Amino acid sequence: MSKRAVILAGGKGSRLRPYTVVLPKPLMPIGDYPILEVILRQLAAQGFDRATLAVNHQAEIVRAFCGDGSKWGISVDYSLETKPLSTIAPLRLIGDLPENFLLMNGDVLTDLPMGKLYEEHVSQKRKFTIAASERTHIVDYGVLHVNENRLTGFEEKPKIQYLVSMGIYMVNRSVLDRVPVGEKYGFDDLMLDMLAHKEATHVERYSGYWLDIGRVDDYMRAIEEFEEHRPQLLPDEK
C-alpha cells in the first residue's frame, strides 16, 4: 500500500524566538538531526513513500536541506503557500492528494507508529483520525470553591488531566470539500464544522512519547531527552 504524508512546515515559529530568527522551526536541531529529518526518517522506516512539505516562511532553506528526500529513502516534494493559511487550508493547494493521507505538524517529536495509524484509519474507513496524548496539569495554587462568597470546598494544588491533539492526523480527502480555497482555515475550524454537521471523528489515544517543540521549554526538554528516547524514535537508524 502506497502511503502519502503531508507535513506542515511553513510556520514562523514565533514561540521559539530567538532560535527561529535564523532557522525555520522544522530545521531546529534535536541531537544530531533537525526535527524535520527525524520525522522524514521515521516516515520512510514506517512505509511512507512520499511526503509533501507545505512550506511558506523560509521555504528556500527547507527545500535546500531536504531536496528530493532520496537520502532518506522517501520522495519529497513541496507545496508553497503565498500567504499563511493555518493548518488545513494548505491542503487545498495540493491537487493530487490520495483518498487517505497522513497530516502532521513539522515540529512533533514522538515514537507514535504512524504507519499503523494509517492502516487502521484506512481499514476502518474513517473520515478523520486524531492522535491524542493524555496530559496532566498541576495547578500551582490552592483552589477555592466558592458559592456567594462562602467557601464550599478546597483543593491543594489539584491535578487536571485532559486529552490533547498531538498534531498528527489521518485524513480522508472528502473532508476537504468543506474547506474554503485561499482563506485561512485551521484544525479548529474543521473540528467545529465536523461537530456541527455530526460527522464522526475518531480519537486514537497514545500513551507513548510525544513532545510538541513549538515552545522554548519543550524544545529544551526535547534536546535533553533525545538520546534517552533515540532507540524508540529512530529504531532503524543506521
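Any chance the range 13-21 includes a residue that's outside any loop (DSSP other than H, G, I, E, B), of a type in the set (G, A, S), in contact (Cβ under 8 Å) with a residue 40 or more places away in the chain and closer than 24 Å to E225 by Cβ? Lay out the reasoning, then the answer.
Step one: of the range 13-21, the residues outside any loop (DSSP other than H, G, I, E, B) are 14-16, 19-21.
Those left that are additionally of a type in the set (G, A, S): 14.
Now narrow it down to the ones that are in contact (Cβ under 8 Å) with a residue 40 or more places away in the chain: none.
Among the residues of the range 13-21, not one is outside any loop (DSSP other than H, G, I, E, B), of a type in the set (G, A, S), in contact (Cβ under 8 Å) with a residue 40 or more places away in the chain and closer than 24 Å to E225 by Cβ, which makes the answer no.
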* To do: Residue by residue through the range 152-188, note down the ones that are of a type in the set (A, V, I, L, M, F, W, C), over 21 Å from A5 (Cα atoms) and exposed (fewer than 12 other Cβ atoms within 10 Å of the Cβ).
  => F154, I160
* Structure fact -> Filtering strands (runs of 3 or more DSSP E) wholly in the range 130-201 for at least 1 residues that are over 28 Å from K83 (Cβ atoms) and among the small types (G, A, S) gives 142-147, 150-156
* Name the single residue, out of those in the range 202-238 being assigned to a loop (DSSP other than H, G, I, E, B) and modelled with pLDDT under 90, that is surrounded by the most Cβ atoms within 10 Å (Cβ to Cβ). => I213
* Structure fact -> Taking the range 22-70 and keeping residues touching a Phe, Trp or Tyr at 6+ places or on another chain (Cβ under 6 Å) and either closer than 15 Å to D236 by Cβ or free of Cβ contacts under 8 Å to residues at least 12 places away in the same chain (or both) leaves L40, R41, A44
* Is the range 29-42 home to any residue that is at pLDDT 95 or above, part of a loop (DSSP other than H, G, I, E, B) and more than 15 Å from the chain's Cα centre (by Cα)? -> no
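Residue-wise test of (1) in contact with a helix residue (DSSP H, G or I) (Cβ under 8 Å, 6 or more places away or on another chain); (2) closer than 28 Å to T110 by Cβ.
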residue: K127; (1), (2): yes, yes
residue: H137; (1), (2): no, yes
residue: L144; (1), (2): no, no
residue: E148; (1), (2): no, no
residue: L151; (1), (2): no, no
* Within the range 64-91, considering residues that are among the charged types (D, E, K, R) and farther than 28 Å from H229 by Cα, the one modelled with the highest pLDDT -> D77
* **Selection from the range 43-57 of residues that are modelled with pLDDT under 90 and buried (at least 20 other Cβ atoms within 10 Å of the Cβ)** => N56
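The values are calculated or read from the model by the stated rules, or taken from the named source; none is laboratory data. Computed from a predicted structure; not experimentally measured. All Cβ positions, even for glycine, are placed from backbone atoms using ideal geometry, and neighbour counts span all protein chains on display.
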